[in-house]
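Engineer: One structure, pasted below without further comment.
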Amino acid sequence: CEIMRLIYQIPRNSLAWLLAAHALVVIPHISILPVTIVVAAFSCLIWRIQVYRGLWKFPARYIKYCLAGINLIAIYLGYGRLIGLEPMVALLVAGFSLKLIEMHQRRDALTVIYLAYLVAAIHLLFSQTMIAALIVMSQFVIITTSLIGLNQSQGYRYPLKSLAAASLLLLQAIPLMVVLFLVMPRLGALWSVPSPQHSAKT
């Protein structure tokens, strides 16, 4: 039983990098998020850090339900609607942050890592500058570092080796990215493609 618990627990190295990744991917979205969502996101981060340090316990289920309800209300009050790009991004950030404080096992950490990739990439919907691309790439390095650490049983001894491995992986992916950029056809944004004029509507 003890061996199984060790297998499924989240390595400290990976968790530390994941907490850093959470802060890094949320910060670029601050300008489009309601203040309440930003406060809730960093409150969840602080809570998880305190759990990591052994000072606090994981929140009870009713507290998580209350936080989810507060986030929904804050999104509606902030945008006046729940449908649309900005409200959906806010909802994703809120869910990403709440998942952080109920993360117990490796599979939970994997979910948070995949969400972190998505939250980071969504920043490019609002800014397509070179600076935005560099920000997202740096976020990907930290997220990938967390992913590598999650699969290293002895990674806690050399945390910077995980960072070096993640940087090397992304550097190796750059040539493929350039080839795809040059070869792939230029398609318009999916949400800008006009719908058929004679199709049925509901």
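Engineer: List every residue pair whose Cβ atoms lie under 9 Å apart, where the two residues are 6 or more positions apart in sequence or sit on different chains, the first residue falls within the stretch 133-148 and is within 24 Å of Pro11 (Cα to Cα), and the second residue, located anywhere, is among the charged types (D, E, K, R) and open to solvent by 50 Å² or more (accessible area, probe 1.4 Å).
Structural biologist: Ile148/Lys161
Engineer: Could I ask something else about it? Please enumerate the residues belonging to the stretch 154-179 that are over 23 Å from the mean Cα position of the chain (by Cα) and either at pLDDT below 80 or surrounded by 15 or more Cβ atoms within 10 Å (Cβ to Cβ) (or both).
Structural biologist: Matches in the stretch 154-179: Gln154, Arg157, Tyr158.
Engineer: Being assigned to a helix (DSSP H, G or I), on the phi < 0 side of the Ramachandran plot and touching a strand residue (DSSP E or B) at 6+ places or on another chain (Cβ under 8 Å), is that true of even one residue in the stretch 94-109?
Structural biologist: Checked against the condition, which is being assigned to a helix (DSSP H, G or I), on the phi < 0 side of the Ramachandran plot and touching a strand residue (DSSP E or B) at 6+ places or on another chain (Cβ under 8 Å), the stretch 94-109 yields at least one hit.
Engineer: Checking Arg81 against (1) within 17 Å of Leu45 (Cβ to Cβ); (2) surrounded by fewer than 18 Cβ atoms within 10 Å (Cβ to Cβ), which test does it fail?
Structural biologist: Only one criterion is unmet by Arg81, namely (1).
Engineer: Determine which member of the set Ile75, Ile27, Ile70 is open to solvent by 50 Å² or more (accessible area, probe 1.4 Å), under 24 Å from Tyr117 (Cα atoms) and part of a helix (DSSP H, G or I).
Structural biologist: When all the criteria are applied, what remains is Ile27.
Engineer: Is it fair to say Leu100 is touching a helix residue (DSSP H, G or I) at 6+ places or on another chain (Cβ under 9 Å), free of Cβ contacts under 8 Å to residues at least 60 places away in the same chain and either under 18 Å from Ile122 (Cα atoms) or surrounded by 13 or more Cβ atoms within 10 Å (Cβ to Cβ) (or both)?
Structural biologist: The answer is no for Leu100.
The values are calculated or read from the model by the stated rules, or taken from the named source; none is laboratory data. Predicted model, so just to flag it, every value in this text is computed and none were measured. Please note: Cβ atoms are built from the backbone with ideal geometry, for glycine as well, and neighbour counts cover all protein chains shown. Calculation scope for accessible area: heavy atoms of the full protein, side chains included, ligands and nucleic acids excluded. Shrake-Rupley method; radii C 1.70, N 1.55, O 1.52, S 1.80 Å.
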